[in-house]
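Right, one structure below, let's go through it.
The values are calculated or read from the model by the stated rules, or taken from the named source; none is laboratory data. Bear in mind that the values here come from a model prediction, so they are computed numbers and not experimental data. Every residue, glycine among them, receives a Cβ derived from its backbone with ideal geometry; neighbour counts consider all protein chains shown. For the accessible areas, the whole protein counts, side chains as well, though only heavy atoms, and no ligand, DNA or RNA atoms are used. Shrake-Rupley method; radii C 1.70, N 1.55, O 1.52, S 1.80 Å.
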Amino acid sequence: DVSSPKHGKVDPDNMPHVGGNMWAGGTGGRDTAGLGGKGGPYRLDAGHRVYQVSQAEKDAVPEEVKRAAREMSEKAFKQRLKEIQMSEYDASTYERFSGAVRRQVQSLRIILDNLQ
């Protein structure tokens, strides 16, 4: 069961973590920032293979946990914008321009990775 969203512990060795309720950047778990899980406050990619919980499990997360996760996510987003000296308007403008060329940038990254 999910209880309350949190960032989670950071693994100094960046080992892959699947499931559980402890590690930031893990996959398929609960309550912590990561990918493929349920009840976490925001997505956090540590570069590992993603294990996805079912949509039914995600839908079963209580509304108060979803609300707490959204609030924590919003707070973290605003803090990150402050750290990089960017306003919410700047972020939305950046997202608009970035989104328009996202596929082209991804294609270019793949080409450059293959050339390396």
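Overview of values
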{"item": "Mean accessible surface per residue for the chain, computed with a 1.4 Å probe while every protein chain stays in place, in Å²", "result": "74 Å²"}
{"item": "Cα gyration tensor, segment 53-116 - rounded (a/c under 1.5), prolate or oblate", "result": "oblate"}
{"item": "The chain - percent of accessible surface contributed by carbon and sulfur, probe 1.4 Å", "result": "53 percent"}
{"item": "Simple spin-label estimate for Phe77 and Asp45 in nanometres, 7 Å along Cα-Cβ", "result": "1.8 nm"}
{"item": "Calculated FRET efficiency for the pair Asp1/Met22, C-beta based, R₀ 22 Å, to 0.05", "result": "0.90"}
{"item": "Amide N proximity, segment 65-98 versus Lys58 label position 7 Å along Cα-to-Cβ, cut-off under 19 Å", "result": "65-74"}
{"item": "Between 0 and 90°, nearest 10: helix 88-115 axis offset from the chain longest Cα axis", "result": "70 degrees"}
{"item": "Length released on extending from Asn14 to Ala100, taking residue separation times 0.36 nm less the Cα-Cα span", "result": "27.7 nm"}
{"item": "Cα gyration tensor, the chain - rounded (a/c under 1.5), prolate or oblate", "result": "oblate"}
{"item": "Segment 13-70: trypsin sites (Lys or Arg not before Pro) in DSSP loop, at most 11 other beta carbons within 10 Å", "result": "Arg49"}
{"item": "5 angstrom amide H check on Gly34, placed H, neighbours 5+ away", "result": "Gly25, Tyr42, Leu44"}
